[in-house]
């Protein structure tokens, strides 16, 4: 096993242009200072957060994923509405939730198995498909009267045809994502 600098990364589904536009519109319904909105180019649905990985772990994952995803199928996800994570009383994240259907849970489980085979740990919580629309940081919490938007929004369709392995580079202004690999379904 090698040592040295790590690569902070995750597997994600990137929205197409129509879904991205719908997610941006939904984010504008959230009126909560001091929430920092997710930049449009960073909107994504995380399938598997990998965290800080060694370069050889990333290489093994890139090699394992095409075979692992052979049993996955392209699909389309439908939004379920706004979510506050961990909850509405003390949100750290405001997100758009998506249905936890059999195709997306299969994709998630196959990604988990490939990551485990590459030497990376499984995530210990139930998978909740969502797209983060904004975040509150620990120093600047939402107002006490914070509530998720009541406005009814049209459901958002998110086509799923590939996974993207993204590196997350943390900058003072926020995360910058760099593509490492793509995997078709």
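Throughout, read-outs are computed from the coordinates displayed, never taken from laboratory work. What you are looking at is a predicted structure, and each value in this text was computed from that prediction instead of being measured. Using ideal geometry, Cβ is built from the backbone for each residue, glycine included, and neighbour counts are taken over all protein chains shown.
Arrange the following residues from fewest to most other Cβ atoms within 10 Å of their Cβ: 53, 9.
Taking fewest neighbouring Cβ atoms as first place, the list is 53, 9.
Per-residue Cβ neighbour counts within 10 Å put 155, 79 in the sequence 155, 79, beginning with the fewest.
In degrees from 0 to 90, rounded to the nearest 10, what is the angle of the helix 55-68 Cα long axis to the longest principal axis of the chain? Result, in degrees: 90. If you wrap region 24-69 in the convex hull of its Cα atoms and look at it from every side, the mean projected area works out to 5.1 nm². If the chain linking residue 40 and residue 52 were pulled fully straight, counting 0.36 nm for each residue of separation and taking away their Cα-Cα distance, it would gain 1.9 nm.
With N residues in region 1-43, what two-decimal value do you get for its Cα radius of gyration over 2.2 N^0.38 Å? The partial results should precede the final answer.
Values: Rg = 15.6 Å, N = 43, 2.2 N^0.38 = 9.2 Å.
Region 1-43 yields a ratio of 1.70.
What's the angle, to the nearest 10 degrees (0 to 90), between helix 102-117's Cα axis and the longest principal axis of the chain? With both axes taken from Cα atoms, the answer is about 50 degrees. Fewest-first ordering of 13, 24 by other beta carbons within 10 Å of each residue's beta carbon gives 24, 13.
Our note on the geometry: Cα centres of region 74-111 and region 117-185, 9 Å apart.
How high is the relative contact order of region 1-132? Use alpha-carbon pairs under 8 Å, at least six apart in sequence, and give a whole percent. Mind dumping the intermediate values first?
Working: 176 pairs, mean separation 38.8, N = 132.
Computed over region 1-132, the figure is 29 percent.
Helix 17-27 and the longest principal axis of the Cα set of the chain meet at an angle near 40°.
Order of 139-152, 58-71 by packing, highest average Cβ count within 10 Å first?
Working: 139-152: 11.1, 58-71: 16.5.
The densest-packed peptide leads the list: 58-71, 139-152.
How big is the Rg/Rh ratio for region 91-185, C-alpha atoms only, Rh by Kirkwood, two decimals? Before the final figure, lay out the partial values.
Values: Rg = 16.3 Å, Rh = 16.4 Å.
Value, to two decimals: 1.00.
Looking at (i) 17.3; (ii) 19.0; (iii) 17.9, which value of Kirkwood radius over Cα pairs in Å comes from a calculation on the structure shown? For Kirkwood radius over Cα pairs in Å, the calculated option is (i).
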